[in-house]
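Everything below concerns the one structure shown next.
A short reminder: the numbers here are calculations on the coordinates, not readings from a lab. Owing to the predicted nature of the structure, the values given are computational and were not obtained by experimental measurement. FYI the Cβ positions are ideal-geometry reconstructions off the backbone, even for glycines, and counts take in every protein chain you see.
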Amino acid sequence: MEEKETASVLHKIFGRVLNKEGKEQADVKVSLLDESQQLVASALTNAQGVFNFEKLDADQVYMTRIESEDTELEVAMFLIDEKGSIKSRSTRIGDQLYGFGVDKGLAEFIKLLAPKDYSLQVASGKKGIIGRVVDKQTFLFGRSGVEVGLYNKERQLMSSSVTDKNGIFSFVIQESDDWDIKVTSDQEKDFTEIVIVDEFNVPSTVANSDDMGADGFFKFNSLPQEMVEMKRMEVKDTRMQLPSDFGDMSIGKSIVLKNILFAYGSADLLESSFEELNRLSTQLQKMTSVKIAVFGHTDNQGSSTMNQILSENRAKAVVDYLINKGIDANRMTFKGLGESDPIASNDTEEGRKKNRRVEFKVVD
């Protein structure tokens with residue numbers, strides 16, 4: 001008796017390219033690469049800035065490269081599974097290079113919203129509620145003008161909001177669980193994701209259209225407590241500006257840059273990193289004969305190849321920042337070591353946090 005062949009599980013990628021003013025960019029070439037960065041396919045964006053790749057092997061690791069000289073393009077991209085659900089949101093791992101599932105952290109559970117979307121002014125003792133409503137086919141187009149209600153447990157309307165042109169809505173409330181959310185959109189065509197954040201803009205709870213009951217209200221799910229607490233500690237430490245010690249920059253000694261933060265899975269430096277790098281720049285300007293080597297490291301989550309690329313581009317981002325501050329490029333080198341040199345166990349979130357680092361050594 002012949003065995004039946006198991007049908008391959010196929011995924012697809014939908015993406016959209018905008019310029020920094022938010023205008024759709026047509027005829028931009030996008031290359032689809034495999035894990036070894038070999039070309040698999042290519043596509044051009046349409047009049048709406050959209051591109052897609054279909055019938056992708058679910059067992060393969062893919063990345064994309066935007067073939068444009070404009071380095072300020074805004075790119076949103078989703079890996080969609082065979083059920084039409086978001087499997088992963090892309091992050092920028094290098095110059096015009098994007099990957100999926102890199103350095104995921106809390107982003108593993110928040111599929112649609114990006115950290116920049118849930119940056120609210122939230123006072124201590126309050127919570128922020130941020131949501132986005134998009135089309136259910138590509139997840140790329142925000143639904144504007146959708147009415148959203150904040151209700152108490154007795155289903156009495158407390159406050160209302162309307163989504164903006166990107167499909168975003170938000171509320172700031174007292175820290176209490178005595179509320180519910182209802183979104184009046186077409187659930188057959190639209191998809192909603194909602195995130196609850198604290199005063200540090202660290203997400204703790206999430207819900208999406210799959211969690212919506214027959215009455216139109218959402219059931220929220222708590223994110224892993226360990227991840228949430230580690231992220232809060234990271235933000236607190238950065239706000240406190242605990243400085244790295246640049247007093248002993250002896251040859252061969254590794255110094256970890258403590259207050260360097262990047263966007264999730266990205267080589268984009270966050271503004272909170274600038275003070276630490278400014279201090280390092282000042283020290284290097286005093287020590288004019290010193291040369292340094294900068295190394296980027298990641299944890300072991302996701303593809304080892306993409307972790308290698310990400311770590312190198314994070315190290316490069318630090319060097320580029322110092323060059324812009326007037327440090328001679330000839331005094332610095334950079335290298336990505338990916339997940340190859342951990343300083344803690346990758347079995348816990350705390351260990352993974354320590355392994356995601358940028359450090360430097362004085363080499364001369």
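Tabulated results
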item	result
HN-Hα J in Hz across the range 61-67 - Karplus 6.51, -1.76, 1.60, θ = phi - 60°, x for Gly and Pro	9, 10, 9, 10, 10, 8, 8
Kirkwood hydrodynamic radius (C-alpha pairs) into Stokes-Einstein, the range 28-175, 25 °C and 0.890 mPa s, D in µm²/s	140
0 to 90° range, to nearest 10: angle between helix 304-324 axis and the chain longest Cα axis	60
Most mobile of Gly296, Gly49, Gly94 in a GNM of the chain (Cα contacts under 10 Å)	Gly49
Net charge over other residues, Cβ less than 15 angstrom from the Cβ of Lys361 (K, R count +1; D, E count -1)	0
Ellipsoid semi-axes in whole angstrom, largest first, where each is sqrt(5λ) of the Cα gyration tensor of the range 115-223	20, 16, 13
Size-normalised alpha-carbon gyration radius of the range 10-100, reference 2.2 N^0.38 Å	1.00
Phi to ³J(HN,Hα) by Karplus 6.51 cos²θ - 1.76 cosθ + 1.60 over the range 223-229, Hz, x for Gly, Pro	7, x, 4, 4, 5, 4, 5
About the Cα centre, charge dipole magnitude for the chain (Lys/Arg +1, Asp/Glu -1 at Cβ), debye	960
Descending Cα extents along the principal axes, the chain, whole Å	68, 60, 50
Rounded Å value of the spacing that divides the Cα centres of the range 26-44 and the range 315-358	28
Vicinal HN-Hα couplings computed from phi for the range 174-183 (Karplus, 6.51 cos²θ - 1.76 cosθ + 1.60; Hz; Gly/Pro x)	5, 5, 6, 9, 8, 7, 9, 10, 9, 10
Cα gyration tensor, the range 148-204 - rounded (a/c under 1.5), prolate or oblate	oblate
Using alpha-carbon coordinates, inclination of helix 274-286 to the longest axis of the chain, degrees	10
Descending Cα extents along the principal axes, the range 233-362, whole Å	41, 31, 25
Tally of Lys pairs whose C-alpha atoms are under 27 Å apart, taken over the range 115-223, 8 or more apart or cross-chain	26
Euclidean distance of C-alpha centroids, the range 253-311 and the range 122-164, integer Å	36
Cut-off under 5 Å, modelled amide H: who pairs with Val61 long-range	Glu35
Reachable lysines from Lys353, criterion Cα separation under 19 angstrom, eight or more residues apart if same chain	Lys104, Lys231, Lys236, Lys258
